[in-house]
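The values are calculated or read from the model by the stated rules, or taken from the named source; none is laboratory data. Please read these numbers as outputs of a predicted model, since none were measured by experiment. Every residue, glycine as well, gets a Cβ built from its backbone with ideal geometry; the counts of neighbours run over all protein chains shown. Protein only, heavy atoms only, side chains kept; ligands, DNA and RNA dropped before computing areas. Shrake-Rupley method; radii C 1.70, N 1.55, O 1.52, S 1.80 Å.
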Amino acid sequence: IDTPAGRLGLTVCYDLRFPELFRQLVAEGAEIFSVPSAFTVPTGRAHWDVLLRARAIENLCFVIAAAQSGIHDSNRETYGDSLIVDYWGRVLAREPRGQRVVTAALDRDGQKATRESFPALKHRVLA
């Protein structure tokens, strides 16, 4: 989706386990990924942060990840930890639990310069 902030690739939490989807979105011009989530506590604790940062780094993209937290009607507990991650894997903003708007400035010029000086996306080979 084209937005004023850049080209947005839409995903959901389970999609983090499929890096090829994110590669396809980048091939289609994505500069930012949206990843709303309802990770459970065990998988969130083990995988949430690392998978978000990996998708950002390997695709030189920003990741905006809104995450549910708390105990729900089914007695299922979600992990939370809403994050905004930059193209180098740096966490720009975080809300571990609770309800809060998380914002961060996206350095689009820095992203473009990094993509040019570190051309990993151009060097990939799709089989």
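Of all the residues that make up the range 21-55, how many are closer than 18 Å to residue 79 by Cβ and among the aliphatic types (A, V, I, L, M)?
8
How many residues are in a loop (DSSP other than H, G, I, E, B) and either touching a residue at least 60 places away in the same chain (Cβ under 8 Å) or surrounded by 14 or more Cβ atoms within 10 Å (Cβ to Cβ) (or both) when one looks only at the range 98-127?
Step one: of the range 98-127, the residues in a loop (DSSP other than H, G, I, E, B) are 98-107, 118-119, 124-127.
Next, from what is left, pick out any that are either touching a residue at least 60 places away in the same chain (Cβ under 8 Å) or surrounded by 14 or more Cβ atoms within 10 Å (Cβ to Cβ) (or both): 102, 104, 106-107, 124, 126.
The number of residues fulfilling the criteria is 6.
Tally up the residues in the range 81-97 that are modelled with pLDDT of 95 or more and either touching a helix residue (DSSP H, G or I) at 6+ places or on another chain (Cβ under 8 Å) or in a loop (DSSP other than H, G, I, E, B) (or both), please.
Taking the range 81-97 as the starting set, the residues that turn out to be modelled with pLDDT of 95 or more are 81-95.
Next, from what is left, pick out any that are either touching a helix residue (DSSP H, G or I) at 6+ places or on another chain (Cβ under 8 Å) or in a loop (DSSP other than H, G, I, E, B) (or both): 81, 83, 85-91.
Counting residues in the range 81-97 that are modelled with pLDDT of 95 or more and either touching a helix residue (DSSP H, G or I) at 6+ places or on another chain (Cβ under 8 Å) or in a loop (DSSP other than H, G, I, E, B) (or both) gives 9.
Of all residues in the range 70-90, count the ones that are of a type in the set (Val, Ile, Thr) and touching a Lys or Arg at 6+ places or on another chain (Cβ under 6 Å).
Final tally of qualifying residues: 1.
For (1) over 11 Å from the mean Cα position of the chain (by Cα); (2) in a helix (DSSP H, G or I), each residue gets a yes or a no:
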| position | (1), (2) |
| --- | --- |
| 9 | no, no |
| 23 | yes, yes |
| 30 | yes, no |
| 43 | yes, yes |
| 49 | no, yes |
| 54 | no, yes |
| 64 | no, no |
| 75 | yes, no |
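Give the residue, chosen from 63, 35, 50, that is at pLDDT 95 or above and surrounded by fewer than 20 Cβ atoms within 10 Å (Cβ to Cβ). Break it down into steps so the answer makes sense when it comes.
Working: 63 fails: surrounded by fewer than 20 Cβ atoms within 10 Å (Cβ to Cβ); 35 fails: surrounded by fewer than 20 Cβ atoms within 10 Å (Cβ to Cβ).
After applying the criteria, what remains is 50.
Of all residues in the range 69-83 being of a type outside the set (Asp, Glu) and surrounded by fewer than 18 Cβ atoms within 10 Å (Cβ to Cβ), which is nearest to residue 14 (Cα to Cα)?
It comes out as 76.
What's the total number of residues in the range 84-97 that are open to solvent by 60 Å² or more (accessible area, probe 1.4 Å), under 17 Å from the mean Cα position of the chain (by Cα) and touching a residue at least 12 places away in the same chain (Cβ under 8 Å)?
Here is the first cut: in the range 84-97, the ones open to solvent by 60 Å² or more (accessible area, probe 1.4 Å) are 88, 90, 92, 94, 96-97.
From the residues that got through so far, the ones that are under 17 Å from the mean Cα position of the chain (by Cα) too are 88, 90, 92, 94, 96.
Still in the running and touching a residue at least 12 places away in the same chain (Cβ under 8 Å): 88, 92, 94, 96.
Qualifying residue count, the range 84-97: 4.
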